[in-house]
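Down below is the structure, laid out as structure tokens.
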Amino acid sequence: MTVVRDHGTPTAEEAFTPGAAKDTDGQTPAASRDDTTLVSHGYLLDGEYHAVKATDYTIPEGGTFAYASKQGQIVQVSESKVRGMSWRYTLNILAPDGVTLANPAPAFTVTYLTRATHEAAITSIIVDGRAIDGFDPSKHEYTAQVDNIDHWTASADFDKSTGMGVTIHKDHDKATITATSADGLTKSTYTLKVSEKPLTLNRAGIDGATVEGLASTGADTASMISVVAVLLAAGVACLAAGLTRRLHRGKRDDAPSDDGTGVQDAE
């Protein structure tokens, strides 16, 4: 699942526009009339030119793509956005002879760095609609309890104005949340493991006990049923014995007395 932001307001990445490419030379003599090679390329930062050898590189915040041409050359720069904060510059160079074109035209891909578009961190994790307590962006492992292990939700809050992307992959009792900066250079991963809340039992005289609690004391349901059955049987046996004794006692009291005269005592 990918968390999608509200597109009502442009993000820092969408609103970014690099400055115009600049030629920092144009005075270095060309090796020949058909020379179409540059002196160098790189970026300008705070008025200082920084030459770069790589053709794919980053430019610090506030920097602008730049190059150094040779005397007599004509350079036409075309630029296009590749993705996020990455831009591609193609330099069509015409040699001093006015006829020869660089073939192929040199091209460079640069990624502009800014504080906002380089950020990759979420601000909270939400499980079943409630934010996890004690969230810290620098901590990357969390646990939580849910009502139903088979049906629960996870989402994340983050600064949507930066243009970062957040994806959430859920697998039964686990979720992996990945935040990727708008420039694509920074990633932060957070893992969440959930467990099911204990079920409270409020019947058969067991008030406030939990399934988990019963398990921890080693109680066995079958054993408990057997004990109850034995106790009930014992109670029935005792009751039957008591009734039997009372019946025997009553018969003795009702029997006629014999004093040797053969005459029954009157009541």
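Things to note:
- Convex hull of Cα atoms in the range 1-120, direction-averaged projection (nm²): 9.2 nm²
- Here the Karplus curve 6.51 cos²θ - 1.76 cosθ + 1.60, taken at θ = phi - 60°, turns the phi angles of the range 35-46 into couplings of 5, 10, 8, 7, 6, 5, 9, x, 8, 9, 9, 6 Hz, with x standing for Gly and Pro.
- Under-5 Å amide H pairs with I59, H placed in peptide plane, nonlocal only: T111, Y112, L113
- Cα-based reach from K160 at 23 Å (exclusive), listing lysines while leaving out same-chain residues under 8 positions away: K81, K139, K170, K187
- Given +1 at the Cβ of Lys and Arg, -1 at the Cβ of Asp and Glu and no other charges, the dipole of the range 14-58 around its Cα centre is 120 debye to the nearest 20.
- Between the amide H of Q145 and those of S195, distances stay under 5 Å, these residues lying 5 or more places away or on another chain, with hydrogens modeled in the peptide plane.
- Derived scalar couplings between HN and Hα for the range 173-186 equal 9, 10, 9, 10, 10, 10, 9, 10, 5, 4, 7, x, 9, 10 Hz in order, rounded to whole Hz, by the Karplus curve 6.51 cos²θ - 1.76 cosθ + 1.60 (θ = phi - 60°), x for Gly and Pro.
- Take each peptide in 10-20, 83-93, count the other Cβ atoms within 10 Å of every residue, and average; sorted highest first, the result is 83-93, 10-20.
- The accessible-area ordering, largest first, of the residues V110, V99, V82 stands as V99, V82, V110, per a 1.4 angstrom probe.
- Efficiency of FRET from Cβ geometry, T55 and S80, R₀ 22 Å, rounded to 0.05: 0.90
- A 1.4 Å probe over all protein chains sorts H41, H151, H140 by accessible area into H151, H140, H41, starting with the largest.
The values are calculated or read from the model by the stated rules, or taken from the named source; none is laboratory data. In this text, all values refer to a predicted model and were calculated from it rather than measured experimentally. Cβ: placed from backbone, ideal geometry, glycine included. Neighbour counts: every protein chain shown. Just so you know, the surface numbers come from the protein's heavy atoms only, side chains and all, with ligands and any DNA or RNA stripped out. Shrake-Rupley method; radii C 1.70, N 1.55, O 1.52, S 1.80 Å.
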